[in-house]
Amino acid sequence: MTSRFYGIVIQDGKVLSVETGGYTVFPGGEPKEFESGCDCLIREFSEELSGTKIKIENHYRDFLSIDPKNDEPFLCKNYFVTLSSPLGKPSLEVYNVRWIDSTFLDVLKFSDSSKKTLVSLIQDGFVK
């Protein structure tokens with residue numbers, strides 16, 4: 001089973017999300033061969049958000065999830081990160097960038113892993 005790494009950026013009770021492939025997700029993705037999870041997160045933020053730099057703070061939570069493209073299971077590994085540069089413009093693969101809270105839960109189309117993560121962040125009091 002593969003693992004994918006996602007960065008959770010929280011500011012003022014909202015979490016940073018990106019829309020890509022028809023789903024609202026958190027920035028991140030799958031590591032390249034021989035790439036660590038942390039290096040993957042750093043690369044993905046830079047690619048998806050035009051050079052955005054991050055600092056990985058600590059591990060949040062993992063979820064078993066299903067890829068919406070091929071119905072394959074994967075392990076979603078979430079890390080709290082902070083921005084260490086201004087937020088860059090979205091890349092061509094990212095349709096939208098927004099700060100979301102609980103009011104978006106039933107409005108946006110989330111991937112399975114992102115919905116599980118957002119619900120957990122709300123329940124744990126990180127997101128309003």
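Exactly one residue out of 56, 42 is at pLDDT 95 or above, touching a Gly at 6+ places or on another chain (Cβ under 8 Å), outside any loop (DSSP other than H, G, I, E, B) and surrounded by 14 or more Cβ atoms within 10 Å (Cβ to Cβ), and it is 56. Which one is surrounded by the fewest Cβ atoms within 10 Å (Cβ to Cβ) among residues in the range 104-128 that are under 22 Å from residue 69 (Cβ atoms) and of a type in the set (Lys, Arg)? Looking at the filtered set, the residue picked out is 109. Taking first residues from the range 82-105 that are in contact (Cβ under 8 Å) with a residue 12 or more places away in the chain and partners that are of a type in the set (Gly, Ala, Ser) and crowded, with 16+ Cβ neighbours inside 10 Å, the Cβ contacts under 7 Å between residues at least 6 apart in sequence or on separate chains come to 98/17; 100/17.
Number of residues in the range 1-60 that are more than 22 Å from residue 95 (Cα to Cα) and among the β-branched types (Val, Ile, Thr) equals 2. Of the residues making up the range 83-103, those that are surrounded by fewer than 14 Cβ atoms within 10 Å (Cβ to Cβ), touching a strand residue (DSSP E or B) at 6+ places or on another chain (Cβ under 7 Å) and closer than 17 Å to residue 127 by Cα number 1.
Every condition in (1) at pLDDT below 95; (2) within 19 Å of residue 117 (Cα to Cα) holds for residue 92 except the one numbered (2). The set of residues from the range 95-114 being under 12 Å from the mean Cα position of the chain (by Cα) and assigned to a loop (DSSP other than H, G, I, E, B) comprises just one member, 111. Exactly one residue out of 35, 44, 19 is over 12 Å from residue 77 (Cα atoms), over 11 Å from the mean Cα position of the chain (by Cα) and among the acidic types (Asp, Glu): that is 35.
Each residue in the range 59-81 was checked for being polar (S, T, N, Q), surrounded by 14 or more Cβ atoms within 10 Å (Cβ to Cβ) and farther than 13 Å from residue 30 by Cα, and 1 pass. Within the range 47-58, being within 13 Å of the chain's Cα centre (by Cα) and under 26 Å from residue 125 (Cα atoms) holds for 54, 56.
Hey, could you check the range 1-28 for residues that are among the aromatic types (Phe, Trp, Tyr) and assigned to a strand (DSSP E or B) and say which is modelled with the lowest pLDDT? My answer is 23.
The values are calculated or read from the model by the stated rules, or taken from the named source; none is laboratory data. This one's a predicted model, so the numbers in the text were calculated from it and none came from an experiment. Heads up, the Cβs are rebuilt from the backbone with ideal geometry, glycines too, and the neighbour counts pull from every protein chain shown.
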